Structure formats: C-alpha cells, structure tokens
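*Asks:* My structure is below; once you've seen it, I'll send some questions.
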Amino acid sequence: MDRTDRALLAALQADSSRSVAELSERVHLSPSACHRRIKALEEQGVIAGYVARLDARKIGLPAEVMVEITLNSQSSEAMERFERAVCDFDDILECNLMSGGADYQLRVAAAGLDHYERIHRDCLSRLPGVSSMKTSFSLRRVKRFAGYSVP
C-alpha cells in the first residue's frame, strides 16, 4: 500500500459518498486509475464495505449502553454458543471478546430506560452461559469513531 492508497482510504473514510471523479482530484489520479485502485482495495479486503453512519439520537436511540458479560465457562464450546446467540439479536450492535475482568463487552443502543429494560429481558437475559452482567450508560459521547488513522 502506497501513499496514494492511504490518501484514498482516508478520503473514503471521511465521506464514501464522493464520486470517483471527486476522489481522483483529491488524491491526484485520473478517474480510471482511482477506480482501479478502489476496486483493488475492495478485492484485497482492505475496504470491507460501505455504510451510512446514522445519528442515533435522530433515529430515537439516544441511550448508548455498554454491557460487560462474564460467562460461567470459558470453554470454546461455551464461547461459541454465546457468540452465535449474540449474532441473533439485532439490538446488540457490537460484541467484543475482552481480556481483563469481563469475557465480553457488548454495545447496545436504546430509546431510554424502558426500552433497555425490554432489551435486557428479551435479549440479554436469553444469552447462554452468562454468569454476570454489568451495565454502564454513556452519559455523553466525547469522540465518535470516524475511521482508522491510516499509517
């Protein structure tokens, strides 16, 4: 990956809705060369996909909740069962296997306490092998993930 690829990746992370013509001007390539590079980065898996980043508050999900999960067992079977179950619930936005005190950290968005209580009852409490849950509510997002710093 060269400097032009890095500049292209940074531009796409900032706004992937830009046209190839706009991107090509930004990274000083012809539109056809820019298009070829983008396709190559997609084929290599460097660009994993494109999504629209939504404002959770504006779609009625202002509460961001982090849930630390500890399992009864750390056997590969127990972890695989848990991970498969997590993927069945759309209310769980992210799940990370963690080092340290908890086994997993989940990120959930909710409309408020009543909605989170429903998610807890209908989703989180149904996850297999859970020994304990520790829930933390985000009071305010200080910095939003806006893409990776491309070295």
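Values in this text are rule-based calculations from the coordinates and carry no lab data. Given the structure is predicted, the values throughout are model-derived calculations rather than measurements. Every residue, glycine among them, receives a Cβ derived from its backbone with ideal geometry; neighbour counts consider all protein chains shown.
*Asks:* Spin-label point model (7 Å from Cα, Cβ direction): what's the GLN74 to HIS28 distance in nm?
*Replies:* A separation of 5.0 nm, rounded to one decimal place.
*Asks:* Moving to a separate point now. Take the eigenvalues of the Cα gyration tensor for the stretch 57-137, scale each by 5, and report the square roots as semi-axes in whole Å, largest first. Before the final figure, lay out the partial values.
*Replies:* Working: eigenvalues 102, 30, 23 Å².
Ellipsoid semi-axes (Å, largest first): 23, 12, 11.
*Asks:* Of the listed values (i) 114; (ii) 102; (iii) 153, identify the label whose number matches volume of the Cα convex hull per residue in Å³ calculated from this model.
*Replies:* After the calculation, the listed value that fits is (iii).
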